[in-house]
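Asks: Here's a structure for you.
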Amino acid sequence: QVRLVESRGGLVQAGGSLRLSCAASGTFFSRNTMGWYRRAPGKQHELVASITDGGITNYADFVKGRFTISRDNANTTMYLQMNSLKPEDTAVYYCNLRISSYGYSYWGQGTQVTVSS
């Protein structure tokens, strides 16, 4: 069983920064992709950024240049450094671990990020 535990989000003013983390535990394949998704009120679930076990990153256009995704050396903890936050970044952020070759996908419980104007 894979468990993903996200750090607590928080309330930050526009222009501020916040760092999220996601710790993965359990047994899972080393070849995987971890990512952050978000769901804002009234909007669809959307990919924010992802990173493979090899460190290849992918960012949504709306966060490029502002957010940075990373993983620790053990590849069990993922981070999202969010800078220059905007009110439209307000959402519940979810951690995901995907093992594409087997079609497995695991989700964290979500953490609220609120950016005030």
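The values are calculated or read from the model by the stated rules, or taken from the named source; none is laboratory data. Since the structure is predicted, the reported quantities are computational estimates derived from the model, not experimental observations. Using ideal geometry, Cβ is built from the backbone for each residue, glycine included, and neighbour counts are taken over all protein chains shown. Ligands, DNA and RNA are excluded from the accessible area calculation, which covers all protein heavy atoms including side chains. Shrake-Rupley method; radii C 1.70, N 1.55, O 1.52, S 1.80 Å.
Asks: Please go through segment 66-96 and give me each residue that is surrounded by fewer than 20 Cβ atoms within 10 Å (Cβ to Cβ) and of a type in the set (A, V, I, L, M, F, W, C), ordered by number.
Replies: 74, 92
Asks: Follow-up question, since we're still on this one. So if I check each of 25, 17, which one is at negative phi, of a type in the set (S, T, N, Q) and modelled with pLDDT under 95? Walk me through it before giving the result.
Replies: Values: 17 fails: modelled with pLDDT under 95.
So the residue among 25, 17 that is at negative phi, of a type in the set (S, T, N, Q) and modelled with pLDDT under 95 is 25.
Asks: Checking the condition more than 22 Å from residue 116 (Cα to Cα) and surrounded by 14 or more Cβ atoms within 10 Å (Cβ to Cβ), which residue from 9, 35, 26 passes?
Replies: Numbers: 9 fails: more than 22 Å from residue 116 (Cα to Cα); 26 fails: surrounded by 14 or more Cβ atoms within 10 Å (Cβ to Cβ).
Answer to the selection: 35.
Asks: Please go through segment 99-108 and pick out each residue that is open to solvent by 20 Å² or more (accessible area, probe 1.4 Å), modelled with pLDDT of 90 or more and either in contact with a Phe, Trp or Tyr (Cβ under 8 Å, 6 or more places away or on another chain) or among the aliphatic types (A, V, I, L, M) (or both).
Replies: Let us first name the residues in segment 99-108 that are open to solvent by 20 Å² or more (accessible area, probe 1.4 Å), namely 100-107.
With the extra rule that they be modelled with pLDDT of 90 or more, the set shrinks to 104-107.
The answer is 104, 106, 107.
Asks: Here are some residues: 55, 16, 42. Which one is more than 15 Å from residue 110 (Cα to Cα) and open to solvent by 80 Å² or more (accessible area, probe 1.4 Å)?
Replies: Numbers: 55 fails: open to solvent by 80 Å² or more (accessible area, probe 1.4 Å); 16 fails: open to solvent by 80 Å² or more (accessible area, probe 1.4 Å).
Being more than 15 Å from residue 110 (Cα to Cα) and open to solvent by 80 Å² or more (accessible area, probe 1.4 Å) holds for just one of 55, 16, 42, which is 42.
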